[in-house]
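Beneath this line is the structure, given in structure tokens, with notes to follow.
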Amino acid sequence: MAVEKISPEARKRYADRIREYKVALDRVETRIKELDAGLRGAPKGQQEGAQPEALRQAGLARFQLASECLNLVSYYCLMNSLSVSLLGVKNESYLNEARKCCYKSIIHLEDTVSPLVDAAFSEYEAGVESLRDLPDAGKYGYLRKLGFAIDSVVEGFGANSKWKWSFVELEGRYAVLSKNLLNLKTFLAQQDPRVAGYQERQAQIKLAKRLLQQSADRYREKYELLSQRLDDFKQAILLLSGLRRLHVLLGEVEEGEVLKKKVEVWKSKMEDDHRNKEHEDRMAKVRKSP
């Protein structure tokens, strides 16, 4: 069915509606450029030998940058929603910019803590400590906003988008970040509900567990239904291993044992698939040989 032509009046009405949001976008982008300029030469959270005060200032600046990127996402998604309601079409240019901003937001905080799934806390402790001035409500609030931003972009593109499977990576990095922003060194010592931030810390660790399991399942789904790439299966197993490490650290022995067995089953399946693929490749070469 042919797409109905958009009238000049509708285009003008749309342009008038989004004008104020474009102005707001420009303001946010200006703040981002200023923050970026201030971070030139600043240490990253995993940088050895960096001074604690320099790490603290850089960590807080990167957190602010990450938050500003999500402000951009909200404006881009809003302008797309207006395009759908006023023009009857998605604006994939705005949605793609929103998608990129989600990545940028995550990367700023990966630079602060760690992008690694199954790293020991000691490997990125300095980065987490650089955010000690942030209240737990601030970190958890950011993660909720990030989740909403990703959901908005996914919903904007729709179920049949070409980006469907690429969102598995974005969601996986979100899951890892939700874990790596936790101060796992002090978490157990702050289990008293009377300690400030208790509710937010509990909510964040619950979120991290859910997202790690969900992302592991999504990578496994991608492997089975689309890619058949071992890298996807390996990432699924890494995410499960990261979740298991979290349970073990918290003394949740039963949950840790369940995940240990699940990891073993998944590894066995991956190895069987790999052997079968190698056998099929060898047989294909034999059939092609003269």
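Residues that are farther than 15 Å from Tyr140 by Cβ and either basic (Lys, Arg) or surrounded by 13 or more Cβ atoms within 10 Å (Cβ to Cβ) (or both) within the stretch 187-197 comprise just one, Arg194.
Please verify whether Lys260 is without any contact (Cβ under 8 Å) to a residue 60 or more places away in the chain, surrounded by fewer than 16 Cβ atoms within 10 Å (Cβ to Cβ) and charged (D, E, K, R), treating the condition exactly as stated. Judged against the criteria, Lys260 is a match.
Looking across the stretch 94-129, the residues that are touching a Phe, Trp or Tyr at 6+ places or on another chain (Cβ under 9 Å) and of a type in the set (Gly, Ala, Ser) come down to Ala98, Ser105, Ser114. Being in contact (Cβ under 8 Å) with a residue 60 or more places away in the chain, more than 15 Å from the chain's Cα centre (by Cα) and assigned to a loop (DSSP other than H, G, I, E, B) is a property that Ala58 lacks. If the condition is being without any contact (Cβ under 8 Å) to a residue 24 or more places away in the chain, in a helix (DSSP H, G or I), of a type in the set (D, E, K, R) and within 21 Å of Glu110 (Cβ to Cβ), then the stretch 22-55 contributes only Lys33. Residues that are surrounded by fewer than 15 Cβ atoms within 10 Å (Cβ to Cβ) and without any contact (Cβ under 8 Å) to a residue 40 or more places away in the chain were ranked within the stretch 145-178; the one that is farthest from the chain's Cα centre (by Cα) is Asn160.
Just one of the listed residues (Leu188, Leu226, Leu170, Leu239) is farther than 20 Å from Leu116 by Cβ and in contact with a Phe, Trp or Tyr (Cβ under 7 Å, 6 or more places away or on another chain), and it is Leu226.
Where a number appears in this text, it was derived from the coordinates with a stated rule and is not lab data. What you see is a predicted model, and the numbers here were worked out from it, not measured in a lab. FYI the Cβ positions are ideal-geometry reconstructions off the backbone, even for glycines, and counts take in every protein chain you see.
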